[in-house]
Structures are given as structure tokens and as C-alpha cells.
Amino acid sequence: MASIPAIRFENITKAFGSKVVANKNVTMDIEKGEIMALLGENGSGKTTLMNMLSGIYRQDEGQIYINGEEVQITSPKDAYELGIGMIHQHFKLVDVFTAIENIAMGMDKKETGSTKDIAAKVQEICDKYGFDVDPKKKVYNMSVSEKQTLEIVKTLYRGANILILDEPTAVLTPQETDKLFAVIRNMKADGKSIIIITHKLNEVLAISDRVAILRKGEYIGTVLTAEASVQSLTDMMVGDKVELDIERPEPVAPEKRLSISHLTCLDKYGVKALDDVSFDAYSGEILGIAGISGSGQKQLLEAIAGLQRAEKGSSIVYHDTDNNIDSELIGLSVSEIKKKGVSLAFVPEDRLGMGLVGSMGMTDNMMLRSYKKGHIIFTDRKTPRALAQKVKDDLEVVTPGITTPVRKLSGGNVQKVLVGREIASEPTVMMAAYAVRGLDINTSYTIYRLLNEQKAKGTAVIYVGEDLDVLLALCDRIAVLCGGKLNGIVDGRTATKEEVGLMMTHLKENGQEAKD
């Protein structure tokens, strides 16, 4: 007799408006005590399907069964009562509260008991699965890994037997990822059902039992992980053969383009986010920036772009080798940098905050970059309209039209619009922060190709990434930040993932000494 699955989706359909069908007739099972990876390109419906399971959305058609019984999940509260918890990529914690206060928040005091009772139960959960939580520690003092651990413990505290992890290793070091995977395996051994949404296929092969594939909102099939490979999973997601090699051509005639010296920046709390950082960036190379989240990556790129104030003694010099002119950028605004003849392109981490205006279409977002022939930005719509169409066609942006608000597009398509717009400015320095975060493998390789094309044109590319496998395959050199300090620069061709991972978390005594 077949076992009853922990979860069964039967003919699940969810649409947003009349044009966007996120899920269409999805029927699939997740077993008890298994780790299921959920894969698909951006816009394939993965997150929408899990949002229905966790009570954020309600399906238009179809049924959801938990342990063989049909259920109605109309809110996250319903999901919790059914033993379902989702750990989102963006944590839902209160920074000024302690771990214990975050766990107790929103729960009836009769359920939680005293602070001592909560701490005792939390310790029991930690001992059982291998977590490490300081119950009195404030969230704002926690690392990303500690915050994620707290989210999982909070979910288990509330009785979850089904856990959904959305991009759980996105900002973890290799060592932190190994520790998380050990905990996940312990939860599986205890009979928990775990669903992982991720785009890191090597990790899918390392941790999951089965892999379910969605494509354009439809369920394609489920395969045993033991019988799968990165290539086979990619081909299933895309529906065609995909070339998975990241090119890394040798730099051609590299010349010094940027000289960063003693760069120091403060964060919004007045604490040093960057501390006396010095390095050079060269034309025709991709310089990777590695570091755990919050190590100063954001401030570094924004300081170069003229968006972040630097402290006294800092220097950022742009070298125009064609005209033999050196320009100091510290103290200049974005417009002043541009007037100096410095062509900078910047793909920020916040795509729909700093990068694009979500309520505008592609054409209007192109106009924001001042593609114009006159002095007034809105006098010429023909040029940005043509550019929007070119970006849409060349990068295969999936959108109803170039006037559709970009906030209605999937994350991958939003990123294509942003990268396409910045590249069209023909930069001599291009900076990209987490350019493939949350993107499917096909879109990611499109971004890698575009960065390599800029490198071949002689652009100095600075790429902030979180996937060390990609950094080591794509970048010529990798500068490693640790606690706001430069902990060294390694050769992307010879460095190992373990070496870079340790440099991200353990500051050397001579951390400011960089190898060119």
C-alpha cells in the first residue's frame, strides 16, 4: 500500500489578472521525511506555489492535501496550524528584539509561558537538530547565518513539520552552508518534510532526495536526485540544451582604470562599513568582490558611483589613459562624475529601489539614464523607446510590452532590463552587485555573457557576488572583504572555494595587504 504524502497539490491553478498565469494545473506530491528541491526558471511559478502552501496566496482552482486530508489555507495562521512554515529569503524579524522575543512575538502568552519556558524549549530544539542560538542576543547584532537559524527555530517552535526554505544559502559562506545542510539532514531524519527553492544546482545535488521541475507555471516532472546532473536539471528547466561553461578569457592589455586608496565609509549608524580599503581595478578584467553580507560591498560600489560619502583621507582616482587624465572622484556627485567624462555603469543590489522605477515601463526607465539628444530629458522619446525594444529583443525580456510597469515582471526580467540599460551607456567602468541573485541558471548565464562582453571591450568590471563557484569561474581576481577590511586579493584561476570562504570570516593580521 502506497504511503500517504505529506503534501499533495492537485490541479492547482493561480492567475494574476487576465494575462499572467503563474501556475497551471500543477499536480505533485512531497513525501514525509524527504528533502524536495523545487526548480524552475524565473517566472516559472515556484514561489507562487509555495506562497499558496504557506497561506500568502489562495489558489483559483485545485486542491491541497496535507497528510491525505483536503485543507483550506487562507492565511499564514492556517498554515501554521497545519504545521507548515516558510522561511523567506528576506527575514521577518524585529531588529531591536532578542531571539526569545522574536520567537514569542505574535503568540498567545498561555502558549509560550514564561521567558524561561521559551528558552528551555528553544534549547531543546537546538540540541535536537544542531542549531546554535543565543536567546538573549539582539537581532541587529546577529550575522546573516544567525538570523536564518533564528527564523528556522522560530518556525519549529511553532510546531512545523513541513518547512519551506526560499534560497536558504544565498548569502552564506561555504562553511555556513555545510552547517545548514547538516541541520536540514537532522530535521529530515526526524520525519520533517523540507522543500528548498534554490537556483544553486550543485547544492540541489548535494542535499535533496528528489527534484521537482516547473516550467512556465506548469509541472514538468520529478526526478530522483541520485539520477540527475546539473546538465539534465538545466535542460528540464529550460526545455532545451543549455551550454553551462562560464567563459573567462585572458585580459587583453589591461590598464589601471581605478585606484582606490584608504577608502573609509560609515554606515547609517556611524559605524565603519569600510575601513582603510585599498586596491586597483584594471580595464579588460573582471574583479570579483567576495564577503559575507554586510562586509562593506554596498558602500564600496556606492562610494565609487558618487552615492556614498567617504571619510577624510579616502581617495578614488579614475585613470583616463586615452587622454592621460587622472580624476579624483571623492566628493563628486553622480552628475559631477559624469561631467568629468567618466562613464560609470552601476547595477545596484536594490533593483526596484535604486535601479529602476517599478511603476514605469521599460521606455521610461531607459529615459532615466538620460538617453537623449537635447538638454531636457523628456524631449526625446524615440531614442529610449528604440533602446527599450533592443534590450527586450536582444536579452529576450518576457513582458507584455515595453510600456508595462517593470514591477510586474519577474525578477530575472527586471534584472535583464537593468543590466541592458547600463551596458547601453558604453561604460569604461561597470559595477554589478549580486547581478544574478535569485535568477534562474539560464538568465544567470546570460548575465555572465554580458559581463564578459564588457570585459572584451576593455571595460573594467567590478562584480560583487555571493556564489563562490561563480566568482572563481568568472573573475580574473577576487578581492575579499571581511568586517569592512580588505583581507587580500586572490587569483580567480588558482584560488579555492574553501580558501576564499575562510578569508571571508577570518581577518588576517596583514588583511590590508593585497596581492596584485
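All of the numbers you see were taken from the coordinates with simple rules; none came from a lab. This one's a predicted model, so the numbers in the text were calculated from it and none came from an experiment. Cβ sites come from the backbone with ideal geometry, for glycine too, and all protein chains shown count toward neighbours.
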Step by step: find N for the stretch 7-238, compute 2.2 N^0.38 Å, then divide the Cα radius of gyration by it. What's the final number? 1.02
What's the exposure ranking of H199, H90, going from fewest to most Cβ atoms within 10 Å? H90, H199
Out of M36, F91, A170 - ranked by how far each Cα lies towards the positive end of the dipole of the stretch 7-238, with unit charges on the beta-carbon of charged residues - the top one is F91
Under a point spin-label approximation (7 Å from Cα along Cα-to-Cβ), what is the R58-E255 distance to one decimal in nm? 6.4
Helix-only [θ] at 222 nm, the chain, -39500 (n - 2.57) per DSSP H run of 4+, per residue, nearest 500, equals -9000 deg cm²/dmol
Protection proxy ranking of 215-228, 450-463, 22-35 - average other beta-carbon atoms within 10 Å, highest first: 450-463, 22-35, 215-228
What distance in nm separates the simple spin-label points at A182 and S114, each placed 7 Å from Cα in the Cβ direction? 3.4
Principal axis dimensions, largest first and in whole angstrom, of the stretch 287-349 by Cα: 38, 25, 20
For the chain, what relative contact order do you get, as a whole percent, if you take Cα pairs closer than 8 Å and at least 6 residues apart? 15
In nm, the gap between the two label points placed 7 Å beyond Cα toward Cβ at K508 and L205 is 3.1
Would you please calculate the Kirkwood hydrodynamic radius of the chain over all C-alpha pairs and express it in Å, rounded to one decimal? 24.6
Cα gyration tensor, the stretch 411-516 - rounded (a/c under 1.5), prolate or oblate: prolate
So which of K154/K272; K14/K128; K77/K154; K24/K188; K268/K312 end up more than 26 Å apart, counting from Cα to Cα? K154/K272; K14/K128; K24/K188
